[in-house]
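Data first, discussion second: the structure below is written as structure tokens.
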Amino acid sequence: MRSTLSTPRGLIIIRPATEADAAALGDLRIEALRNHPDAFSAELERHLDRPMEFWIDWVRDRNNGQTAIVFVAEAGDALIGMTGLHGSGNPKTRHSGLIWGVYVRPDWRGLRIADRLIEACIDWARERDLRVVKLAAVTTNAAAIRCYLRCGFSVYGVEPQAIFHDSAYYDELLMSREVPRD
């Protein structure tokens, strides 16, 4: 499940995360939460000053290969983007998955890296016979919404006041995309 993306800034590798990525992935996750606290429901403070074992377990728990996967975008030996997908082990809902944590470092945006991370999730979902993937985007994040629409997602609802940050409530667009069959 490894792919490459040629950009004006060089070759980008899209691949599943490994436990060896734990430190860099932790830094990337903290950066995302710090830079965009209104876009993620996770709390920055709960991720700061965690020991390496936490990040290794975090990667392992979110990257079990059966019901969950984390993909990273790598330029040289630096991680520049990430996202994850998790499904359900429940027989009634195992046909769907949720994409979470889409993030690309600011100086790498505009190169369609997020699109490729999302497509990696779609490919992974297809291999596991998922029929639909869903995600949520804060209504104020126009760039993310454009990306998701470009990737074939459509809005099926709005979750009002989904996130509360800095004395403000943020609604989220609920979006889904069918997983194409081979």
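Some notes on this structure:
- Within the chain, percent of DSSP bridges classed antiparallel, to nearest 5: 95
- Qualifying GluC sites (Glu not before Pro) for the range 1-57 [loop in DSSP, other Cβ within 10 Å: at most 13]: Glu43
- Largest mean-square fluctuation among Thr140, Thr93, Thr18, in a Gaussian network model of the chain whose springs join Cα atoms under 10 Å apart, belongs to Thr93.
- Positive contributions from Lys and Arg (+1) and negative ones from Asp and Glu (-1), summed over other residues with Cβ under 14 Å from the Cβ of Pro106, come out at +2.
- For the range 96-151, the alpha carbon positions stretch 34, 22, 18 Å along the principal axes, listed from largest to smallest.
- Convex hull per residue volume in Å³, alpha carbons only, for the range 58-177: 130
- Relative counts (whole %) of C-alpha pair distances in the range 1-74, using bins that are 5 Å wide: 3, 15, 22, 22, 21, 12, 6, 0
- Over all other residues within a Cβ to Cβ distance under 15 Å of Pro180, the charged ones net out to -1, with Lys and Arg as +1 and Asp and Glu as -1.
- Spacing of the two label points (7 Å from each Cα toward its C-beta) at Arg60 and Phe164, in nm: 3.5
- When the inverse distances between all different Cα atoms of the range 3-130 are averaged and flipped, the Kirkwood radius reads 15.0 angstrom.
Here, each number is a calculation from the coordinates, and none is a lab measurement. Predicted model only: the values in this text are computed from it and were never measured. Counting neighbours? That spans all protein chains shown, and the Cβs are built from the backbone with ideal geometry, glycine included.
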